[in-house]
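> Please read through the structure below; I'll follow up with questions.
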Amino acid sequence: MLKNIYFDHDGGVDDLISLFLLLQMDNIRLIGVAAVNADSYLQPSLAASRKIIDRFGHGKKLAVAASSARGVHPFPKEWRLTTYSENALPLLNESGKIITPLAEQPAHLDLIAKLQAATQPVTLLFTGPLTDLAAALKVDPTISQKVERLIWMGGTFLEKGNVEEPDSDGTQEWNAFWDPAAVKTVFDAPIKIDLVSLESTNNVPLTPKVRLHWAALRRFTGLDFIGNSYAFVPELNQFATNSTYYLWDVLTTCYCYDHSLVKTKAINCDVSLAAPSDGKTFLTTNGRPATLVYDVNRSQFFNLIDQLAKRADN
Ligand code: AGV
Ligand code: CA
């Protein structure tokens with residue numbers, strides 16, 4: 001059975017590669033795509049998304065919705081700028097035109113419309129902040145009934161998150177930190193949640209070895225696209241820094257395709273709304289139930305990326 005997916009992303013390299021991979025998955029029907037200007041700038045993110053659908057969507061008809069979400073804690077500009085490079089890739093600009101349209105409505109209303117119209121349950125794949133889902137739930141709480149589950153790249157229950165900002169105590173993961181209240185709204189909604197948190201994504205850093213592997217396969221257009229895209233972001237060298245790139249969203253997206261890539265456990269959790277730990281997710285016995293993805297089979301994961309990316313030429 002095809003799984004219906006609505007994809008809300010925030011325009012980072014791994015968000016856009018996730019979109020590319022989703023378009024190659026044979027067990028998935030993508031019913032909507034939205035972009036939020038969190039870890040990106042909105043205009044190049046929308047354009048790149050539309051071009052990826054044109055170039056790699058195998059003729060699929062989609063429209064990309066622009067989010068009107070605004071965050072509480074902005075992402076560092078250096079990271080957000082990567083979207084401009086991504087959108088400028090020659091591979092995405094060969095035809096010089098864009099065919100996939102923008103959606104008429106803003107992301108949260110587009111999401112509501114798609115869910116209301118759905119006759120089968122829909123999986124929500126979010127690889128950025130949860131703002132659009134929180135906004136949608138406020139406008140129409142009944143959409144929960146149409147949601148099969150939310151798969152979210154976000155949060156962590158480790159002592160150290162990935163935020164290094166003067167107004168943070170360092171415990172948060174960035175997607176939760178951008179809009180902590182949205183996490184709370186979503187945690188309070190009656191939907192199943194699978195969390196792909198730093199516990200699992202810390203196991204899949206971008207490394208020089210991975211780059212070489214993709215470079216050796218660049219005769220395949222999809223792997224050339226992946227290698228070029230990841231060339232814009234820093235790899236793990238001697239030690240991890242705050243800018244070290246992991247395959248956060250790509251793991252989350254591949255988990256949608258194949259649950260056997262990862263190990264999961266049942267947890268109960270909540271989110272802090274008090275500075276300087278606002279956006280920190282934590283375990284608590286009376287918290288909302290969730291499935292935590294805490295480990296990944298690395299070779300199986302990287303093999304799947306290759307396998308999917310090779311389909312881009314077909
Ligand atoms: O916290 C991980 C999320 C993922 O959705 N993003 C990047 C991924 O798209 C924010 C982020 C954390 N550290 C980063 C991030 C870094 N070093 N560079 C860019 N983005
Ligand atoms: Ca992201």
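The values are calculated or read from the model by the stated rules, or taken from the named source; none is laboratory data. Bear in mind that the values here come from a model prediction, so they are computed numbers and not experimental data. Cβ sites come from the backbone with ideal geometry, for glycine too, and all protein chains shown count toward neighbours. For the accessible areas, the whole protein counts, side chains as well, though only heavy atoms, and no ligand, DNA or RNA atoms are used. Shrake-Rupley method; radii C 1.70, N 1.55, O 1.52, S 1.80 Å.
One line per residue, one yes/no per condition, for (1) assigned to a loop (DSSP other than H, G, I, E, B); (2) among the β-branched types (Val, Ile, Thr); (3) modelled with pLDDT under 95:
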residue	(1), (2), (3)
Gly11	yes, no, no
Gln43	no, no, no
Ala47	no, no, no
Arg50	no, no, no
Ile53	no, yes, no
His58	yes, no, no
Lys61	yes, no, no
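> Here's something else I'd like to know. Does Gly154 satisfy the condition of being within 16 Å of ligand 2 (Cβ to nearest atom) and under 16 Å from the mean Cα position of the chain (by Cα)?
Values: within 16 Å of ligand 2 (Cβ to nearest atom): yes; under 16 Å from the mean Cα position of the chain (by Cα): yes.
Taking the combined requirement at face value, the residue satisfies it.
> Report yes if Val122 is away from ligand 2 (no atom under 16 Å from the Cβ) and either touching a residue at least 24 places away in the same chain (Cβ under 8 Å) or under 18 Å from the mean Cα position of the chain (by Cα) (or both), otherwise no.
It is true that Val122 is away from ligand 2 (no atom under 16 Å from the Cβ) and either touching a residue at least 24 places away in the same chain (Cβ under 8 Å) or under 18 Å from the mean Cα position of the chain (by Cα) (or both).
> Sort out which residues of segment 56-108 are free of Cβ contacts under 8 Å to residues at least 40 places away in the same chain and surrounded by 15 or more Cβ atoms within 10 Å (Cβ to Cβ), and write them in order of number.
Across segment 56-108, the qualifying residues are Leu62, Val64.
> Taking Phe239 as the residue in question, decide whether it is open to solvent by 70 Å² or more (accessible area, probe 1.4 Å), of a type in the set (Phe, Trp, Tyr) and within 11 Å of ligand 1 (Cβ to nearest atom).
Details: open to solvent by 70 Å² or more (accessible area, probe 1.4 Å): yes; of a type in the set (Phe, Trp, Tyr): yes; within 11 Å of ligand 1 (Cβ to nearest atom): no.
The answer is no for Phe239.
Residue-by-condition table, conditions (1) crowded, with 19+ Cβ neighbours inside 10 Å; (2) under 30 Å from Ala136 (Cα atoms):
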site	(1), (2)
Pro190	no, yes
Ser200	yes, yes
His213	no, no
Leu217	no, no
Ile226	yes, no
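> Within segment 213-262, how many residues are over 19 Å from Arg298 (Cα atoms), of a type in the set (A, V, I, L, M, F, W, C) and either within 14 Å of the chain's Cα centre (by Cα) or within 16 Å of ligand 2 (Cβ to nearest atom) (or both)?
The total comes to 2.
> Sticking with this one: Please indicate, with yes or no, whether at least one residue in segment 201-215 is part of a helix (DSSP H, G or I) and within 25 Å of Ala134 (Cα to Cα). Walk me through it before giving the result.
Taking segment 201-215 as the starting set, the residues that turn out to be part of a helix (DSSP H, G or I) are 201, 208-215.
Those left that are additionally within 25 Å of Ala134 (Cα to Cα): 201.
Yes, that holds for at least one residue.
> Here is a further query. Go through segment 259-303 residue by residue and tally those that are small (Gly, Ala, Ser), in a loop (DSSP other than H, G, I, E, B) and either in contact with an Asp or Glu (Cβ under 7 Å, 6 or more places away or on another chain) or under 14 Å from Gly154 (Cα atoms) (or both).
Filtering segment 259-303 for residues small (Gly, Ala, Ser) gives 260, 266, 272, 274-275, 277, 279, 287, 290, 299.
Going one step further and asking which of them are in a loop (DSSP other than H, G, I, E, B), we end up with 272, 274-275, 277, 279, 287.
So of that shortlist, the ones also either in contact with an Asp or Glu (Cβ under 7 Å, 6 or more places away or on another chain) or under 14 Å from Gly154 (Cα atoms) (or both) come out as 272, 275, 277, 279, 287.
Count: 5.
> Give the residue, chosen from Glu148, Glu165, that is of a type in the set (D, E, K, R) and either in a loop (DSSP other than H, G, I, E, B) or buried (at least 20 other Cβ atoms within 10 Å of the Cβ) (or both). Reasoning before the result, please.
On the way: Glu148 fails: either in a loop (DSSP other than H, G, I, E, B) or buried (at least 20 other Cβ atoms within 10 Å of the Cβ) (or both).
Result: Glu165 is the single residue among Glu148, Glu165 that is of a type in the set (D, E, K, R) and either in a loop (DSSP other than H, G, I, E, B) or buried (at least 20 other Cβ atoms within 10 Å of the Cβ) (or both).
> Quick check on my filter: what residues within segment 36-55 are open to solvent by less than 10 Å² (accessible area, probe 1.4 Å) and farther than 21 Å from Asn228 by Cα?
Filtering segment 36-55 down to residues open to solvent by less than 10 Å² (accessible area, probe 1.4 Å) leaves 36, 38, 40, 44-46, 48-49, 52-53.
Listed by number, the residues that qualify are Val36, Ala38.
> Identify all residues within segment 121-136 that are more than 18 Å from Ser68 (Cβ to Cβ) and either open to solvent by 10 Å² or more (accessible area, probe 1.4 Å) or out of contact with any strand residue (DSSP E or B) (no Cβ under 8 Å at 6 or more places or on another chain) (or both); write none if there are none.
Result: Pro121, single match.
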